[in-house]
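Working notes, structure below.
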Amino acid sequence: MLDIHMFRDNQAQIRADHDKRGISHDKIDEVLKYDKMWLNLQHDTNQLRQKKNIAARGISEAKKSGDEAKAQAILAEVASLGAEISRLEAETQAAKEQRDTIRMSIPNILHPDVPEGDDESGNTVHSVYGEKPEFDFEPRTHNELIEMNKWVDLKRAAKIVGSRFFFLKGDLARLELALQNYAVDFIGNRGYTFVQPPVMMNRQAYEGVTDLGDFETVMYGIEPDKYYMIATSEHPLTAMYMGETIPEDQLPLRIVGVSPCFRREVGSHGQSDLGIWRVHQFTKIEQIVIAKPDDSWSIHEELLKNCVDLWNELGLHYEVVNICTGDMGTVAAKKYDLEAWLPGAGQYKEIVSCSNCTDYQANRLQIKYGQPGHANQPIVHTLNSTAVATSRALVAIIEQNQLADGRVKIPEVLVPLMGGQTILEPCQWG
RNA sequence: GCAGAGAUCGCAUAGCCCGGUAGUGCGGUGGACUUGAAAUCCACUGUCGUAAGACGCGGGGGUUCGAAUCCCUCUCUCUGCGCCA
């Protein structure tokens with residue numbers, strides 16, 4: 001959410017940004033309209049409150065001096081003021097709510113380097129790593145590989161929960177665990193503190209870190225407790241400091257988190273989403289940084305560097321893409337994606353997303369930094385980046401490292417974590 | 001899950017029984033004094049608002065002319081009991 005003062009004092013910047021994104025200014029105008037309405041209503045309400053407060057003070061005086069008639073007259077006046085105030089209070093509240101509901105849907109201000117474009121076709125390639133693997137056989141899709149090796153049981157998962165859930169079995173499940181350990185240690189060795197967050201959050205905290213629309217399409221709600229299953233550890237790890245002022249010398253706060261992620265994936269269908277590419281539950285190792293505004297852009301590059309180094313170690317071929325205006329979404333000011341080459345599918349697909357959210361989340365969460373004992377402290381910047389989403393990493397690994405017989409070569413850095421094993425063997429049953 | 005005790009302006013603490021402008025200490029900011037610093041003294045130090053002013057005592061609601069204070073409710077913390085990986 002953008003600071004309301006930005007609308008009042010610097011609306012030209014918001015308008016210029018909307019032009020870049022190619023969206024209309026209607027919402028900006030509405031925010032300004034309701035803000036003005038709210039300011040006026042607040043002023044009127046305050047005037048009446050003042051009148052009432054002054055009058056009410058006369059009651060005890062009148063009673064003390066024994067002037068019962070005067071006391072009754074004041075009581076009547078105060079009562080009618082009270083009714084009028086209640087009415088105005090309701091209007092004031094309504095105007096503010098309207099203003100903020102619209103304001104929350106207005107996207108973050110983009111970084112100047114974000115390329116302009118209408119959709120994902122406008123994304124630009126930032127850099128390319130590794131070699132596109134060559135095969136002397138027809139490479140299989142990950143879906144075929146998990147099927148023939150019995151590494152994943154989607155059917156029985158569908159039986160006990162629903163579609164897009166899965167049992168992960170045998171060597172592929174072991175590789176998943178190795179990836180978790182590998183990624184946590186890799187990022188941890190760069191000064192990031194390992195944190196395991198809760199996997200449910202309450203509504204209030206959740207509204208601070210996501211689009212309101214996500215409650216309908218992304219998150220699972222838990223009844224009767226009114227909790228939400230987290231869609232990524234970014235959410236609890238960013239909301240963790242909600243409403244707090246972090247001592248300046250503790251910043252930047254670098255965190256590497258691991259959690260299961262739960263996503264409803266409403267409305268997603270199609271060939272490209274088969275297998276375990278797009279699922280309702282997966283595990284993700286995430287980098288989170290809470291930083292001072294001056295540091296956030298260099299830390300954004302640091303997060304990307306961590307990803308690049310990690311994925312290079314895994315020996316995979318992928319591109320880094322600079323996401324364009326039309327493909328950005330509301331929260332990030334700038335976003336890099338890593339897109340791995342999937343030889344079975346014959347295309348590059350997203351495996352990592354690395355965002356600087358600047359003060360957009362922190363404004364709503366009211367996370368500030370500074371010296372303890374100070375009022376009116378500045379807002380922090382928040383950044384997040386996938387390190388490894390294990391299900392998608394598994395897809396990239398098995399497609400790029402597949403052998404003619406359908407088995408898979410294990411990336412060298414993971415061999416020690418697999419007890420020296422170098423090839424993923426099929427599961428014996430299923 | 002049950003019973004009891006709690007939540008007050010960054011931190012600590014008073015006020016609550018018995019309703020009437022939220023006080024004090026620490027921390028912070030500015031100033032005075034000082035060559036400089038410490039110490040000391042003075043002012044300011046929650047939120048919204050250009051301001052006037054309003055609002056603010058964990059959240060929400062109620063009673064009342066008026067609520068930190070009385071009532072209801074929710075959340076969280078502590079203590080004890082119960083249950084339990």
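The values are calculated or read from the model by the stated rules, or taken from the named source; none is laboratory data. Computed from a predicted structure; not experimentally measured. With ideal geometry, Cβ positions are generated from the backbone for all residues, glycine too; neighbour counts draw on all protein chains shown. All accessible areas refer to the heavy atoms of the entire protein, side chains included, with ligands and DNA or RNA removed. Shrake-Rupley method; radii C 1.70, N 1.55, O 1.52, S 1.80 Å.
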- Identify, by number, the condition in (1) surrounded by fewer than 20 Cβ atoms within 10 Å (Cβ to Cβ); (2) farther than 23 Å from A:ILE187 by Cα that A:VAL308 doesn't meet. (2)
- Failed criterion for A:GLY221 (all others in (1) open to solvent by 30 Å² or more (accessible area, probe 1.4 Å); (2) modelled with pLDDT under 85; (3) small (Gly, Ala, Ser) hold): (2)
- Task: Mind listing whichever residues of segment A:261-295 are among the polar types (S, T, N, Q) and modelled with pLDDT under 95?
- Result: A:SER268, A:GLN271, A:SER272
- Message: Between a residue in segment A:290-311 that is assigned by TED's automatic domain parsing to the domain that holds A:TYR360 and any residue that is assigned to a helix (DSSP H, G or I) and open to solvent by 50 Å² or more (accessible area, probe 1.4 Å), which pairs come within a Cβ distance under 8 Å, given they are 6 or more apart or on different chains?
- Response: A:LYS292/A:GLU248
- Specify which of the listed residues (A:ILE14, A:ILE74) is assigned to a helix (DSSP H, G or I) and at pLDDT below 90. A:ILE74
- Matching entry among A:SER298, A:SER268 (being open to solvent by 70 Å² or more (accessible area, probe 1.4 Å), polar (S, T, N, Q) and either over 18 Å from A:VAL388 (Cα atoms) or assigned to a loop (DSSP other than H, G, I, E, B) (or both)): A:SER298
- Message: Suppose we filter segment A:186-204 for residues that are touching a strand residue (DSSP E or B) at 6+ places or on another chain (Cβ under 9 Å) and in a helix (DSSP H, G or I); how many remain?
- Response: 4
- Message: Quick check on my filter: what residues within segment A:20-32 are touching a Gly at 6+ places or on another chain (Cβ under 9 Å) and either in a helix (DSSP H, G or I) or open to solvent by 70 Å² or more (accessible area, probe 1.4 Å) (or both)?
- Response: A:ARG21
- Message: I'd like to know if segment A:54-61 contains one or more residues that are in a helix (DSSP H, G or I) and more than 13 Å from RNA strand B (Cβ to nearest atom).
- Response: no
- Message: Please count how many residues of segment A:360-404 are out of contact with any Phe, Trp or Tyr (no Cβ under 7 Å at 6 or more places or on another chain) and closer than 22 Å to A:GLU176 by Cβ.
- Response: 14
- Task: Look through A:THR232, A:THR193, A:THR238 and report the one residue that is closer than 26 Å to A:TRP311 by Cα, open to solvent by less than 40 Å² (accessible area, probe 1.4 Å) and touching a Lys or Arg at 6+ places or on another chain (Cβ under 8 Å).
- Result: A:THR232
- Task: Show the residue pairs that are 6+ apart or on different chains and have beta-carbon atoms under 9 Å apart, the first residue being within segment A:404-425 and farther than 14 Å from A:LEU314 by Cβ, the second being in a loop (DSSP other than H, G, I, E, B) and open to solvent by 80 Å² or more (accessible area, probe 1.4 Å).
- Result: A:ALA404/A:ASP136
- Query: Could we say that A:GLN93 is away from RNA strand B (no atom under 15 Å from the Cβ) and assigned by TED's automatic domain parsing to the domain that holds A:LYS33 here?
  - Reply: no
- Task: Go through (1) on the phi > 0 side of the Ramachandran plot; (2) at pLDDT 95 or above one by one and return the number of the condition A:ASP309 breaks.
- Result: (1)
- Query: If only one of A:ASP35, A:ASP17 is within 11 Å of RNA strand B (Cβ to nearest atom), within 30 Å of A:ILE367 (Cβ to Cβ), open to solvent by less than 60 Å² (accessible area, probe 1.4 Å) and in contact (Cβ under 8 Å) with a residue 60 or more places away in the chain, which one is it?
  - Reply: A:ASP35
- Message: Within segment A:320-333, does at least one residue satisfy the condition of being assigned by TED's automatic domain parsing to the domain that holds A:ALA389, over 30 Å from A:GLU134 (Cα atoms), modelled with pLDDT under 95 and open to solvent by 50 Å² or more (accessible area, probe 1.4 Å)?
- Response: yes
- Considering only segment A:327-361, how many residues are under 18 Å from the mean Cα position of the chain (by Cα) and not hydrophobic (A, V, I, L, M, F, W, C)? 15
- Within segment A:358-395, residues being within 26 Å of A:ASP337 (Cα to Cα), within 16 Å of RNA strand B (Cβ to nearest atom), open to solvent by less than 10 Å² (accessible area, probe 1.4 Å) and not β-branched (Val, Ile, Thr) number 2
- Output yes when any residue across segment A:190-210 is more than 30 Å from A:ASN312 (Cα to Cα) and of a type in the set (D, E, K, R), and no when none is. yes
- Query: Taking A:LYS226 and the conditions (1) free of Cβ contacts under 8 Å to residues at least 40 places away in the same chain; (2) loosely packed, with under 14 Cβ neighbours inside 10 Å; (3) within 16 Å of the chain's Cα centre (by Cα), which numbered condition does it fall short on, given that it satisfies the others?
  - Reply: (3)
